[in-house]
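The values are calculated or read from the model by the stated rules, or taken from the named source; none is laboratory data. These numbers were taken from a predicted model, which means no experiment stands behind them. Positions of Cβ are generated from backbone atoms using ideal geometry, with glycine treated the same way; all protein chains shown enter the neighbour counts. Heads up: the accessible areas ignore ligands, DNA and RNA and are worked out on the full protein's heavy atoms, side chains in. Shrake-Rupley method; radii C 1.70, N 1.55, O 1.52, S 1.80 Å.
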Amino acid sequence: MVDSIIAVFEKYHLIAAFALIGVTTYLSYRISEKYTKGRVHGSAIAILVGLILAYLGGIYTEGSKGLADVSLFSGLGLMGGGMLRDLAIIATAYGVRFKEIREAGISGVVALFLGVVVSFIAGVLVALGFGYTDPVILTTIGAGTVTYIVGPVTGAAIGASSEIIALSIAAGLFKSILTMIMTPLVARHIGLDNPRSAMIFGGLMGTTSGVAAGLAATDPKLVPYGAMTATFYTGLGALLAPSVLYLVVAALF
């Protein structure tokens with residue numbers, strides 16, 4: 001039976017990729033529930049596991065595509081490629097309506113733009129601190145600090161290398177995990193106890209998984225409000241980073 005399953009996976013690589021991602025996601029959410037009580041979201045654990053598997057796959061095959069270089073899991077190259085990634089981003093953006101953001105007032109709109117720009121600047125400054133001066137590299141890492149989705153979208157759009165795109169994803173993952181952990185600790189001190197403040201918080205932080213997990217640990221009733229503006233944040237970042245923000249960085253460096 002095992003041989004039959006392996007034979008199917010070797011013939012239908014994309015099915016194998018979906019199976020691996022499904023098992024990884026399921027186990028990650030189980031780990032999140034059992035060992036972190038939901039404070040570290042399952043999606044963050046799944047992303048971390050994915051990065052580790054990619055690293056191990058690269059060492060094992062001495063290739064450049066991580067686990068996708070293993071023939072059994074070559075479908076990961078398609079599943080994790082730009083086509084499905086961009087489809088997921090577009091689907092997320094179309095799942096919300098701009099009129100809903102007005103419920104947070106002008107402060108919610110300001111929070112969106114401020115959150116994207118401040119996170120981007122922080123990422124660029126960190127990249128500068130490590131000696132990077134290429135505008136493409138600076139923009140990609142800055143975009144990754146916005147979110148780990150905006151990073152690869154921006155990197156692919158402006159021609160960044162796979163190594164830099166990986167760095168941008170790591171930066172976004174770090175921000176997401178930090179948001180998950182710190183939100184319930186600081187919520188009482190920043191007045192994060194009502195839908196309006198949750199929407200503003202989601203607009204400032206932007207990482208949907210981080211905001212959702214952090215608010216779930218704070219007050220589950222606030223999750224939809226924070227997640228909604230965080231979704232707008234991702235769409236806004238994917239729009240601004242490879243265009244306006246890249247042009248600004250290119251003009252400065």
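Side notes on the structure shown:
- Scan of the stretch 171-184 for residues that are out of contact with any helix residue (DSSP H, G or I) (no Cβ under 7 Å at 6 or more places or on another chain) and either buried (at least 24 other Cβ atoms within 10 Å of the Cβ) or under 19 Å from Thr234 (Cα atoms) (or both), ordered by number: Phe174, Leu178
- In the stretch 198-220 there is at least one residue matching the filter, namely being in contact with a helix residue (DSSP H, G or I) (Cβ under 8 Å, 6 or more places away or on another chain), outside any helix (DSSP H, G or I), of a type outside the set (S, T, N, Q) and on the phi > 0 side of the Ramachandran plot.
- Close contacts from the stretch 126-141, counting a first residue that is part of a helix (DSSP H, G or I) and a second that is open to solvent by less than 70 Å² (accessible area, probe 1.4 Å) and of a type in the set (S, T, N, Q), with Cβ to Cβ under 8 Å and a gap of 6+ residues or different chains, come to Val126/Thr145; Thr139/Thr154; Thr140/Thr154; Thr140/Ser168; Ile141/Ser168.
- A single member of Ala238, Ala250, Ala216 is open to solvent by 20 Å² or more (accessible area, probe 1.4 Å), at pLDDT 90 or above and of a type outside the set (S, T, N, Q), and it is Ala250.
- The single condition from (1) open to solvent by less than 10 Å² (accessible area, probe 1.4 Å); (2) under 23 Å from Gly38 (Cα atoms); (3) not charged (D, E, K, R) that Gly151 fails is (2).
- Residue pairs meeting the criteria (Cβ under 6 Å; at least 6 apart or on separate chains; first under 23 Å from Thr207 (Cα atoms), in the stretch 233-253; second surrounded by fewer than 23 Cβ atoms within 10 Å (Cβ to Cβ) and small (Gly, Ala, Ser)): Gly235/Ala93; Pro242/Ala157
- Hits in the stretch 185-197 (condition: open to solvent by less than 40 Å² (accessible area, probe 1.4 Å) and in a helix (DSSP H, G or I)): Ala187, Ser197
- Taking the criterion of being surrounded by fewer than 17 Cβ atoms within 10 Å (Cβ to Cβ) and assigned to a helix (DSSP H, G or I), the residues of the stretch 160-169 that qualify are Ser162, Glu163.
- Top-ranked residue of the stretch 12-46 - restricted to ones that are touching a residue at least 24 places away in the same chain (Cβ under 8 Å) and among the charged types (D, E, K, R), ranked as least open to solvent (accessible area, probe 1.4 Å): Arg39
- Among the residues listed as Ala157, Ala93, the single one being more than 24 Å from Val40 (Cβ to Cβ), at pLDDT 90 or above and surrounded by fewer than 24 Cβ atoms within 10 Å (Cβ to Cβ): Ala157
- Condition broken by Ile200, with the remaining ones in (1) among the hydrophobic types (A, V, I, L, M, F, W, C); (2) within 18 Å of the chain's Cα centre (by Cα); (3) closer than 28 Å to Gly38 by Cβ; (4) open to solvent by 20 Å² or more (accessible area, probe 1.4 Å) satisfied: (2)
- Condition met for Gly172 (touching a Phe, Trp or Tyr at 6+ places or on another chain (Cβ under 6 Å) and not in a loop (DSSP other than H, G, I, E, B)): yes
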